[in-house]
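The values are calculated or read from the model by the stated rules, or taken from the named source; none is laboratory data. The model shown is predicted, which means the values in this text are computed figures rather than measured ones. Cβ atoms come from the backbone with ideal geometry, glycine included; neighbour counts cover every protein chain shown.
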Amino acid sequence: MAIDYQGIVTHGLAIQIATKIREAILEGRIKLDERLPTEEELATRFSVSRPTIREALKRLAAQNLIRSRRGPTGGTFVTHPNRQEARLAVANAATLLVSLNEFSLQDIAEARTELELVCCRLAAARRTDEHLAALAAEIDRQRLPDLSDEEFCASDVRFHHTIVDAAGNPALDFVAAAMLESLQPAVNMVIFRFRERTRVAQQHQRLYLALAARDADGACRALTAYMLDLRKQYAQAQEARARSKKHARPLRRA
């Protein structure tokens, strides 16, 4: 185990200690499932108090880098990363940023387009019959007349996530977590008033047929047309939101 115990200044000690341990983990100087020194040992080596060490460890635990275990064989251990938990953490962070208006709808559309174009090309070559069946099922679902707005949006998310899955690249799937599991659902519920369900299902059908034919260029054209419509809907939603704010009446004072 190799942690740099030197170079700590008095300001923000817990943050600095957490950073040093984090670097040791990410650089492989501390191995997965390896036990860290005790709080007392770390406090001695860093020349700080145990509460400071405890705060640093809390920060690392919040990042899912370490875990604690009680009992005779207990202690603090380096966590083996779980991809699903990591994807969820990314998706949750992205959802929060959307709620804080850190991303514009057009920024999201641009990022989605570039990400899904890559996935379409790979999916055209790697998709399976199971992927096609899943896509077809979502298109059928989107054509149901009594489908709620929430269910339609959820189906749209599943359709595009299936394309990412068909690309067969775990790294792309991880990157897409923020886009498809948080940004897309949040944005869908903003723009649903401006979407024509029949048109969306038709665009999905064209995309499906291109993937079924392993036509990468056709799939990319179909996705580009879908995303162009989506950008127009984003613009309409933003204009409607701006008008709503402009005409909102100020509250009267009692």
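Does Ala235 meet the test of being among the small types (Gly, Ala, Ser), at pLDDT below 75 and in the same structural domain as Ile163 (by TED's automatic domain parsing)? Explain how you work it out, then say what you get.
Values: among the small types (Gly, Ala, Ser): yes; at pLDDT below 75: no; in the same structural domain as Ile163 (by TED's automatic domain parsing): yes.
It is false that Ala235 is among the small types (Gly, Ala, Ser), at pLDDT below 75 and in the same structural domain as Ile163 (by TED's automatic domain parsing).
Within the group Glu110, Glu150, Glu138, which residue is assigned by TED's automatic domain parsing to the domain that holds Arg206 and within 21 Å of Arg214 (Cα to Cα)? Outline the logic, then answer.
Working: Glu110 fails: within 21 Å of Arg214 (Cα to Cα); Glu150 fails: within 21 Å of Arg214 (Cα to Cα).
Selected residue: Glu138, the only one of Glu110, Glu150, Glu138 that is assigned by TED's automatic domain parsing to the domain that holds Arg206 and within 21 Å of Arg214 (Cα to Cα).
Looking across the stretch 31-75, the residues that are hydroxyl-bearing (Ser, Thr, Tyr) and exposed (fewer than 14 other Cβ atoms within 10 Å of the Cβ) come down to Thr38, Ser47, Ser49, Ser68, Thr73. For the stretch 142-157, a residue qualifies if it is over 24 Å from the mean Cα position of the chain (by Cα) and hydrophobic (A, V, I, L, M, F, W, C), and the qualifying residues are Leu144, Leu147. For the stretch 76-92, a residue qualifies if it is closer than 20 Å to Thr19 by Cα and either of a type in the set (Gly, Ala, Ser) or surrounded by 13 or more Cβ atoms within 10 Å (Cβ to Cβ) (or both), and the qualifying residues are Thr76, Phe77, Val78, Thr79, Ala86, Ala89, Val90.
Could you run through the stretch 111-166 and say how many residues are outside any helix (DSSP H, G or I) and surrounded by fewer than 18 Cβ atoms within 10 Å (Cβ to Cβ)? Please lay out each step first, then the result.
Step one: list which residues in the stretch 111-166 are outside any helix (DSSP H, G or I), which gives 127-128, 143-148.
Next cut, surrounded by fewer than 18 Cβ atoms within 10 Å (Cβ to Cβ) only: 128, 143-148.
Of the residues in that region, 7 qualify.
Only one of the numbered conditions (1) in contact with an Asp or Glu (Cβ under 7 Å, 6 or more places away or on another chain); (2) acidic (Asp, Glu); (3) modelled with pLDDT under 80 is not met by Asp165, and that is (3). I'm trying to understand the selection: among the residues of the stretch 40-96, which are over 14 Å from Leu13 (Cβ atoms) and among the charged types (D, E, K, R)? Residues satisfying the conditions are Glu40, Glu41, Arg67, Arg69, Arg70, Arg83, Glu85, Arg87.
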